[in-house]
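Undergrad: Sharing a structure here in structure tokens format.
The values are calculated or read from the model by the stated rules, or taken from the named source; none is laboratory data. Here the structure is a predicted model, which means the values were calculated and not measured. All Cβ positions, glycine included, derive from the backbone under ideal geometry; neighbour counts span all protein chains shown. To get the accessible areas, we keep the full protein, side chains included, count just its heavy atoms, and leave off ligands, DNA and RNA. Shrake-Rupley method; radii C 1.70, N 1.55, O 1.52, S 1.80 Å.
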Amino acid sequence: MAKIPLYIAVAAALVVAGMVLATRYRRQPRVGNEQLPIKQEPKPDEQVISAKWAVPDNEQLTVTRSGPVLKPKPIPKPEPIPEPEPIPEPEPIPEPEPEFEPEPELSTSPFSYDDILSEESEPEPEFELEPELSTSPFSDSDNLHTNAKEEDEPEPVLVYGNSTGNLSNGGFAAISGDWIYYQNSSAQNHLYKIHVYTDEKVQLGSDKIYYINVVGDWVYYCNFDDGWKIYRVRTDGTENTKLNNDDSHDANVVSDWIYYQNRSDNWCLYKMRTDGSERTQVGKDRCDYVNVVDDWVYYQHLGDNNCIYKHRTDGTGKLKVNSDISYYINVVSNWIYYSNMSDNRNLYKIHTNGTGKIRLNNCAAYEVNVSGDWIFYHDADDGGALYKIRTDGTEKTLINDDYCKYLNVAGDWIYYDASKKLGIYELYRIRKDGTGWQKVE
């Protein structure tokens, strides 16, 4: 047998050893904990991903993994940016319409355009005056024109010489400042004044007086001793002066005017200045219970069943307010209070425009006098006793059981005439709450 050379035997041994090692380390590859499948031929729509792993003795193992071919998503084309809308042109501001029609460019008048401009035209009236007599006494538009004034015209401040309630009861008392001026029926109806806090009394004259009004430093009154002429005297008793020659009643002094019923001229309404000048007839109706409030005169129309009428202080805008036989008229704020002879002399109130008539009690009310939130009156159903009731008709209260007449309210006091002896009346006063009853000497 021939002998094999040594280098050939060594080479063969190395080949065999390599085959053994290859078989020993032949295993499936892993990526982390994931076992990879044995290489397969890729499908036509798959892509091949190759990876290498380290093995002992610095051998390399190549693993091929197949999967779906990843195709890149197409990038969408950006939408075109819309062009900005054009900003609209601002609308032109219309020129204001002229308040008055312009003059025509060409005039057929024989006068020139400059002549026309130089002439002063009479201004248009701001509102129509009310008719002389309204057939609808309950119209809501009666007082609409009372608020129609020039914007720049200041409201006049009116000064009243006495309350409407006192003047409807003969005007026996009036208060001004710290003094009460009164007709002292216990002293031949002469004019006196008494201090509100000290009760100091001062006699101012020896005339028999009615319808007292106090404005400023003057006391105005109707002089019974001189045929009911209107006089005035200073509040200290000096400068006693006669102002007219009319038989005057229901005198209302408002600021610098005196309104009165003129019995020398069929009981018509007149007015004059407080110095006796500018004597003027205001109305032609026979009137009584005259009340002057703001720019209106309210009165009992003796020629129309004694109903309530009103007209302006210049005599225009006459209106009928109600259809009741009305006595002791008191105009306070927007209400007229009166004793309704058409309903057993029950106490009523009605708006000054003729609406909202309300009955307030169920007794015959005489000598009605409204002061603040209370109405004072003589209850003919209870022997002429003195009562008070709220202006809404509640809380009827007896004040005094004297048979009282000519109720006048001045400050906290009610002055009245009472007959303690047959046919003889004397002056008394009592507080509104029923206390302090006393005879006025």
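Undergrad: Does at least one position in segment 358-379 carry a residue that is assigned to a strand (DSSP E or B), acidic (Asp, Glu) and over 28 Å from Trp257 (Cβ atoms)?
TA: yes
Undergrad: Then there's this: Looking only at segment 417-437, which residues are closer than 27 Å to Asp178 by Cβ and open to solvent by 70 Å² or more (accessible area, probe 1.4 Å)? Spell out how you get there, then give the answer.
TA: Of the residues in segment 417-437, the ones closer than 27 Å to Asp178 by Cβ are 417-418, 426-437.
Answer for segment 417-437, where residues must be closer than 27 Å to Asp178 by Cβ and open to solvent by 70 Å² or more (accessible area, probe 1.4 Å): Arg431, Asp433, Trp437.
Undergrad: When the residues of segment 337-362 are filtered to those that are among the β-branched types (Val, Ile, Thr) and surrounded by 20 or more Cβ atoms within 10 Å (Cβ to Cβ), which remaining residue is farthest from the chain's Cα centre (by Cα)?
TA: Filtering first and then ranking leaves Ile350.
Undergrad: Would you be able to tell me the number of residues in segment 298-319 that are hydrophobic (A, V, I, L, M, F, W, C), surrounded by fewer than 20 Cβ atoms within 10 Å (Cβ to Cβ) and assigned to a strand (DSSP E or B)?
TA: 1
Undergrad: Tell me which residues, restricted to segment 167-209, are touching a helix residue (DSSP H, G or I) at 6+ places or on another chain (Cβ under 8 Å), surrounded by 22 or more Cβ atoms within 10 Å (Cβ to Cβ) and in a strand (DSSP E or B).
TA: Within segment 167-209, Ala173, Ala174, Ile209 qualify.
Undergrad: Considering only residues that are of a type in the set (Phe, Trp, Tyr) and part of a strand (DSSP E or B), look in segment 393-416 and name the one that is most open to solvent (accessible area, probe 1.4 Å).
TA: Among them, the one singled out is Tyr406.
Undergrad: Which condition from (1) over 18 Å from Tyr221 (Cβ atoms); (2) within 33 Å of the chain's Cα centre (by Cα); (3) open to solvent by less than 10 Å² (accessible area, probe 1.4 Å) is the one that Asp295 breaks?
TA: Just one mismatch for Asp295, condition (3).
Undergrad: Of the residues in segment 277-292, how many are touching a residue at least 40 places away in the same chain (Cβ under 8 Å) and open to solvent by less than 20 Å² (accessible area, probe 1.4 Å)?
TA: Here the count works out to 3.
Undergrad: Name the residue that is surrounded by the fewest Cβ atoms within 10 Å (Cβ to Cβ), counting only residues in segment 320-336 that are under 26 Å from the mean Cα position of the chain (by Cα) and touching a residue at least 60 places away in the same chain (Cβ under 8 Å).
TA: Within segment 320-336, the match that is surrounded by the fewest Cβ atoms within 10 Å (Cβ to Cβ) is Val332.
Undergrad: Another question about this same structure. Determine whether segment 226-248 contains at least one residue that is in contact with a His (Cβ under 7 Å, 6 or more places away or on another chain) and part of a strand (DSSP E or B).
TA: no
Undergrad: Kindly provide the set of residues from segment 301-317 that are closer than 14 Å to Val290 by Cα and under 29 Å from the mean Cα position of the chain (by Cα), ordered by number.
TA: Within segment 301-317, Ile308, Tyr309, Lys310, His311, Arg312, Thr313 qualify.
Undergrad: Restricting attention to segment 402-430, which residues are on the phi > 0 side of the Ramachandran plot and either modelled with pLDDT under 95 or not small (Gly, Ala, Ser) (or both)? Walk me through how you get there before you give the answer.
TA: We begin by selecting, within segment 402-430, every residue on the phi > 0 side of the Ramachandran plot; these are 406, 411, 423.
Once the filter is applied, which keeps residues that are on the phi > 0 side of the Ramachandran plot and either modelled with pLDDT under 95 or not small (Gly, Ala, Ser) (or both), segment 402-430 yields Tyr406, Gly423.
Undergrad: Report the residue count in segment 363-389 for those that are under 18 Å from Ile325 (Cβ atoms), aromatic (Phe, Trp, Tyr) and buried (at least 23 other Cβ atoms within 10 Å of the Cβ).
TA: The qualifying residues number 1.
Undergrad: Do we find that Gly436 is within 38 Å of the chain's Cα centre (by Cα) and on the phi > 0 side of the Ramachandran plot in this structure?
TA: No: the conditions fail for Gly436.
Undergrad: Would you mind stating whether Lys229 is modelled with pLDDT of 95 or more, of a type in the set (Lys, Arg) and farther than 21 Å from Tyr298 by Cα? Write out each step before concluding.
TA: Numbers: modelled with pLDDT of 95 or more: yes; of a type in the set (Lys, Arg): yes; farther than 21 Å from Tyr298 by Cα: yes.
Yes; evaluated as a whole, the condition is true for this residue.
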